[in-house]
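For reference, the structure is listed below as C-alpha cells.
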Amino acid sequence: MASSSSSSAAAAAAAALTTEGKSNLSFVLNKPHDVDFADRPLPTLRSPRDVLVAVNYTGICGSDVHYWEHGAIGHFVVKDPMVLGHESAGTVVEVGPEVSSLAVGDRVALEPGYPCRHCKPCLSGHYNLCPEMRFAATPPYDGTLTGFWSAPADFCYRLPPSVSLQEGALVEPLAVAVHIVRQARVAPGQSVVVMGAGPVGLLCAAVARAFGAAKVVSVDILQSKLDFALSFASTHAYLSRRVPAEDNAEAIRRLCGLPLGADAVIDASGAEPSIQASQHVVRTGGTYVQGGMGKSDITFPIMAMCIKEVTVRGSFRYGSGDYELAIQLVESGQVDVKRLITGTVPFRQAEEAFKKVKEGEVIKILIAGPNEKVEGAMSTAVDEAKVKEGGAACC
Ligand SMILES: NC(=O)c1ccc[n+]([C@@H]2O[C@H](COP(=O)([O-])OP(=O)(O)OC[C@H]3O[C@@H](n4cnc5c(N)ncnc54)[C@H](O)[C@@H]3O)[C@@H](O)[C@H]2O)c1
Ligand SMILES: OC[C@H](O)C(O)[C@@H](O)CO
C-alpha cells in the first residue's frame, strides 16, 4: 500500500503535468525599458504534430537584453508588445494525436525557431537560413518567457535522465556554439582562437576542446572573463589591449605559441577590433568564422584575408543535428554547462535578472517558469558567483 507522503508526491507530480489552475503569465516587452507581466491566453496545439510544454527554465541571451534596451535588432523592430526569451527547457503536458516521439511528462530542450520546411534552404538541409523562420522573441513572434509553449514535436528534444532542466535551458546557446565550431571545421590536434569569453565564446572553447582541439586560446578585454575561461575549457588566454589589431594579433601568436597563426579563429564578440585582429591571427590557409553579431558594417583587413587564402564563414543559430550533439556533449560531461549558471530567479524577478545581465554581473542567469517554485532570492545567488572585473594580462 502506498504511504500518504508517496501518494501526495504522486499527486503533485500529476498536477505538474497539466495546465489546470496554471497561469500563463508572460514577460512582455512593450517598448524599450518598458516591460510587463501579462496573463496571456493558454496556447493550443496548432497541428496534430505539436506538443504543449510547461516552461520550467529560461536563460537570458544578449539579444533579449538588446530588445529590452533598444526595441530593435537591425531590421527586426518591436512594434507590438512581444514576449521575451528563447533559451528554454520544459516539460511536455499535452501531445498532439500524430506525435509518437514524445509523451506527457518528458523533459525537453526547446529549439525556438520553426522554419517553413518547404523552401530551398530548408530542403537543402539549411533550415536555419529559412526566410520564413518564426523565431521566438524576434519580432513579430513571441518568446518563451511564458507559462506554456506550443511547439512542433520535432523541435523539442528529450533530455536524458542525467541532464537537468536547468542544463536543458543551456542547450540553446550550446547549440549556437556547436554550429559555429562545425562551421570552423575544427579537427583533432588543431589550434583555435576564440575572440570573446561571454557565454557563446566559453561554449565555443568547450566545444572546440570536445572536437579534439589541442590548443584553445580565449581572448577578451576583461581579465575576469579570461580567468573563468581558463578554469572552464581554454588552454590559454590573452587580455586584449587598446593597441592596433596587428599588435594584439602578434602578441597572441607570440605569447600563445602560435608562430604561424591559428588553424581556426572564431569571433564570439562581435567587436570590430577583435574581428580585425582575427585576420592577423589566423594561419595561412586557415579558417575564420563570424559568430558574433555587432555592428553591421566595419573596416575589415581584407588584404590579410586574401593573401593568406583564409576561408571565411558566417554562422547563424543552429541547424540539423546541432541540438542533438549539444545534448550529447552535456550528457557525456564533455561540456559542463552547469558551471555557467550563476543563479536562478523566480519569474517575477525577470526584469532584475535582465539588469544583472546588462551590468555584466552574471554569466548565465535562469528565470524559472511562472508555475515553478524557486528557493532563495536572486541577490544571494548572484553575489556568490559574481564575476570580478580587472586584473593583469595573462597567457
Ligand atoms: N551567430 C549566432 O547565431 C549568434 C547566436 C547567439 C549570439 N550571437 C552573438 O555572439 C556574441 C557573443 O554572445 P554572448 O552571449 O557570449 O555575448 P557577451 O556580450 O556576453 O560576450 C561578448 C564578450 O566579448 C568580449 N569583448 C568585447 N570586445 C572585445 C574585443 N575587442 N576583443 C575580445 N573580446 C571582446 C566582452 O568582454 C564579452 O566577454 C554576441 O555578439 C551575440 O550577439 C550570435
Ligand atoms: O541564439 C539565437 C540568437 O540569439 C538569435 O539568432 C538572435 O541573436 C537574433 O535573432
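The values are calculated or read from the model by the stated rules, or taken from the named source; none is laboratory data. Please read all numbers here as calculations on a predicted model, not as lab measurements. Note: ideal-geometry Cβ built from the backbone for every residue, glycine included; neighbour counts use all protein chains shown. Ligands, DNA and RNA are stripped out before the accessible areas are found, and what is left, the full protein with its side chains, is counted by its heavy atoms. Shrake-Rupley method; radii C 1.70, N 1.55, O 1.52, S 1.80 Å.
Check Leu145, Leu170, Leu165 and return the single one that is open to solvent by 10 Å² or more (accessible area, probe 1.4 Å) and either in the same structural domain as Met195 (by TED's automatic domain parsing) or aliphatic (A, V, I, L, M) (or both).
Values: Leu145 fails: open to solvent by 10 Å² or more (accessible area, probe 1.4 Å); Leu170 fails: open to solvent by 10 Å² or more (accessible area, probe 1.4 Å).
Going through Leu145, Leu170, Leu165 in turn, just one is open to solvent by 10 Å² or more (accessible area, probe 1.4 Å) and either in the same structural domain as Met195 (by TED's automatic domain parsing) or aliphatic (A, V, I, L, M) (or both): Leu165.
Which of the residues spanning region 294-326 are of a type in the set (A, V, I, L, M, F, W, C), within 24 Å of Glu172 (Cβ to Cβ) and buried (at least 17 other Cβ atoms within 10 Å of the Cβ)?
Leu325, Ala326
Matching residues to (1) part of a helix (DSSP H, G or I); (2) buried (at least 21 other Cβ atoms within 10 Å of the Cβ); (3) among the charged types (D, E, K, R):
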position	(1), (2), (3)
Asp227	yes, no, yes
Ala237	no, yes, no
Val243	no, no, no
Ile252	yes, yes, no
Gly257	no, no, no
Ser269	no, yes, no
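If the requirement is being in a strand (DSSP E or B) and free of Cβ contacts under 8 Å to residues at least 60 places away in the same chain, which of these qualifies: Gly343, Gly294, Gly333?
Gly343
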Point to revise | Breaking point among (1) within 14 Å of ligand 1 (Cβ to nearest atom); (2) over 30 Å from Pro161 (Cβ atoms); (3) touching a residue at least 40 places away in the same chain (Cβ under 8 Å); (4) among the acidic types (Asp, Glu), for Asp263 | key: (1)
Revision key, fill the gap. Counting only residues that are without any contact (Cβ under 8 Å) to a residue 24 or more places away in the chain and within 12 Å of ligand 2 (Cβ to nearest atom), region 130-160 contains a total of 2
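In contact with a Leu (Cβ under 6 Å, 6 or more places away or on another chain), buried (at least 16 other Cβ atoms within 10 Å of the Cβ) and of a type in the set (A, V, I, L, M, F, W, C), is that true of Val337?
Numbers: in contact with a Leu (Cβ under 6 Å, 6 or more places away or on another chain): yes; buried (at least 16 other Cβ atoms within 10 Å of the Cβ): yes; of a type in the set (A, V, I, L, M, F, W, C): yes.
Judged against the criteria, Val337 is a match.
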Check your understanding: Considering only residues of region 50-80 that are surrounded by fewer than 21 Cβ atoms within 10 Å (Cβ to Cβ) and in a loop (DSSP other than H, G, I, E, B), which is nearest to ligand 2 (Cβ to nearest atom)?
Key -> Gly74
